[in-house]
Amino acid sequence: MTTKKTPVILVAIGLLALIIIPLIVLMVSRGDHSTSTLSHTQELGPIDAHTMVAVDYELRQLIERAEHLVGDDLALALRQGDVSLDFMANLNAAIEQAHEALADGRLEEAERSYTRVVELAEAKLGVLQLADAARTQSEATYAELKRLDYLQAVFANTYREAVERYDQGLQDLNAKRFKQSLDAFAMTDAILGDLESRSIQQIGGMLEAANLAVAEYDVAAAQTAFEKVLQIDSTNTAAIEGLRMANALAEISADVQTVQSLEASGELNVALAQVDELLALHANNLFLLNERRRIEALIADRDHQAAVEAAGIAERSGDLAAAVSALETALAIRASPELNDRLKQLKARELQARLEVLLETAYSALQAGSYDAARKGYKQALALAPESKEARTGLEKASGLYLANIRYSQNLNSAAKYLLEGRFPLAAKFFNDALASRPSSVPSGQALEESRIRRELALQSDEVDIRIVSDKKTYVSLIGVFAPERLRSKDLKLFPDVYTLKGTRKGYQPIEVEFKLTTNSRKEFEVICTEKK
């Protein structure tokens with residue numbers, strides 16, 4: 001049994017050696033090549049000073065630019081692994097040839113070589129910068145997706161669209177389609193901005209309804225409204241505090257109405273005593289504690305009426321500085337939440353003026369079709385006054401139009417691209433998509449481009465008569481139109497587009513003819529295999 005195994009083992013060892021030895025040789029040869037390339041890159045230095053003196057100013061500037069790009073910028077990119085050794089070796093070889101030409105006095109040849117080096121280096125650095133921008137935007141967009149993750153439970157479809165756009169951007173980034181990647185991330189941000197504005201508008205309306213219900217002692221309605229807000233945004237501070245207030249009110253709603261009646265009749269001290277009795281039964285009740293502070297503020301306001309009246313007179317006369325000073329004097333005598341509120345209101349007038357300017361500016365931008373500027377203006381207004389319904393509504397509208405404008409612009413650009421390539425059906429598809437999302441107002445440049453594309457598509461909307469000619473020996477096919485057949489001539493009616501003719505014949509080299517068919521292009525195409533294999 002052992003003698004039978006020995007030949008098998010020997011054969012296995014032999015086969016293993018045949019596999020491993022070539023791999024070792026290949027790795028050694030590649031290592032030598034990489035080492036030699038890197039060594040060549042490191043050894044190549046700048047030209048000597050004597051040669052530099054012999055060239056004119058512009059050529060010397062060009063040489064220094066080439067040396068800087070290759071020796072500094074691209075060398076750093078090489079160390080970071082962003083460019084290949086082969087690319088650097090080619091550039092250094094070109095610089096070495098330029099050095100030699102310069103040393104031999106062939107200045108024009110040297111200038112051409114240095115110019116080519118600069119063009120290649122700057123083009124590569126441009127691609128690297130675009131790649132960096134796409135990677136940076138990828139991280140920022142991902143962070144925005146995570147920040148707004150809570151909204152997908154309520155706005156599932158829109159959030160999924162944003163995720164799909166982000167995934168497309170990653171695919172483009174991995175495929176090194178950096179411009180398309182940035183466009184996809186921009187679309188993702190626009191979708192998320194629109195989604196957030198819609199949620200802000202929805203939450204704002206719910207909070208308004210909830211606070212109104214609290215003011216009217218409609219506990220059930222207030223609790224339901226606050227809970228709906230928390231279903232959308234579980235961290236919303238206003239909803240959390242509002243729900244606590246509504247729950248606190250639920251325990252004592254009937255007694256609170258008695259306190260409110262006493263307050264309305266001006267019996268503030270009695271009302272305060274009533275609140276204290278209720279607090280003895282319901283210690284730490286949030287609503288009662290809030291009521292007690294409010295009634296105390298009313299009493300303090302009565303005690304400091306003189307200062308308050310002075311502030312009122314100054315305010316009515318338009319002297320806001322004097323009004324603020326009077327209120328601050330009253331507060332220095334005795335603290336009062338109500339006076340603090342009034343002081344904040346006076347100080348807020350400047351903010352209100354700024355808010356009005358922001359709203360007016362944002363509305364003007366919206367009317368002018370500057371949707372991004374309008375969106376930013378409404379966001380600033382909302383930061384100043386989160387309760388502003390005009391700001392919320394404007395932000396929602398501007399964000400929606402901004403999203404539509406991006407869709408319109410990208411589809412219009414795609415239509416123009418395919419129109420230039422002669423792919424008219426694709427151009428028509430993207431043009432129709434652009435029109436489907438067209439904002440009510442577009443810049444004049446885009447309007448002109450839209451008219452141009454419409455005219456071009458109209459010119460290429462009719463079928464064109466063409467003739468295909470062969471020798472009846474070659475099998476001819478038109479991809480997507482008819483299968484291979486032998487013919488002398490064939491007449492067809494085709495819509496303008498890009499087509500590919502193929503010809504095959506036994507014993508001959510196959511041929512392939514791609515042509516862009518337009519209403520003005522030639523109408524006869526010959527497909528004959530003439531070159532033998």
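Just so you know, all these numbers are worked out from the coordinates, no wet-lab data involved. Since we're looking at a predicted model, the values are computed, not measured. Neighbour counts are summed over all protein chains in view; Cβ atoms, including those assigned to glycine, are modelled from backbone coordinates with ideal geometry.
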- Query: If you line up the long axis of helix 85-103 against the longest principal axis of the chain, both from Cα atoms, how many degrees apart are they, to the nearest 10?
  - Reply: 60 degrees
- Query: At a Förster distance of 60 Å, what's the computed FRET efficiency of residue 479 paired with residue 322, Cβ-Cβ distance as r, to 0.05?
  - Reply: 0.10
- Neighbouring Cβ atoms within 10 Å as the yardstick, rank 115, 136 fewest first. 136, 115
- Kindly express, to the nearest 10 degrees and within the range 0 to 90, the angle between helix 178-215's C-alpha long axis and the longest C-alpha principal axis of the chain. 10 degrees
- Task: Select one label from (1) 23.0, 71; (2) 28.4, 108; (3) 38.6, 120: the one whose number is Rg and Dmax of the Cα atoms in Å as derived from the coordinates shown.
- Result: (3)
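Give the order of 99, 282 when sorted by the count of other beta carbons within 10 angstrom, beginning with the fewest. Don't skip to the end; give the middle numbers.
Details: 99 20, 282 16.
Fewest to most other Cβ atoms nearby, the residues stand as 282, 99.
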- Item | FRET E, pair residue 491, residue 174, Förster distance 41 Å, beta-carbon r, rounded to 0.05 | 0.30
- Task: Within segment 375-399, which residues have the backbone N less than 19 Å from the label spot 7 Å out from residue 352 along Cα→beta-carbon, could you tell me?
- Result: 381-392
- Message: Distance between the C-alpha centers of segment 378-445 and segment 280-298? Whole Å please.
- Response: 52 Å
- Task: Could you please state, rounded to a whole Å, how far the C-alpha centre of segment 82-134 is from the C-alpha centre of segment 308-364?
- Result: 66 Å
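Would you work out the relative contact order for segment 241-397, in percent, from Cα pairs under 8 angstrom that are 6 or more residues apart? Write down the numbers at each step before the final one.
Working: 126 pairs, mean separation 20.1, N = 157.
Worked out over segment 241-397, it gives 13 percent.
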- Query: Given a Förster radius of 56 Å and the C-beta distance between residue 123 and residue 230 as r, what FRET efficiency does 1/(1 + (r/R0)^6) yield to the nearest 0.05?
  - Reply: 0.55
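Could you work out the relative contact order of segment 464-526, using alpha carbon pairs under 8 angstrom and six or more residues apart, expressed as a whole percent?
Details: 124 pairs, mean separation 23.7, N = 63.
Once divided by the residue count of segment 464-526, the mean separation gives 38 percent.
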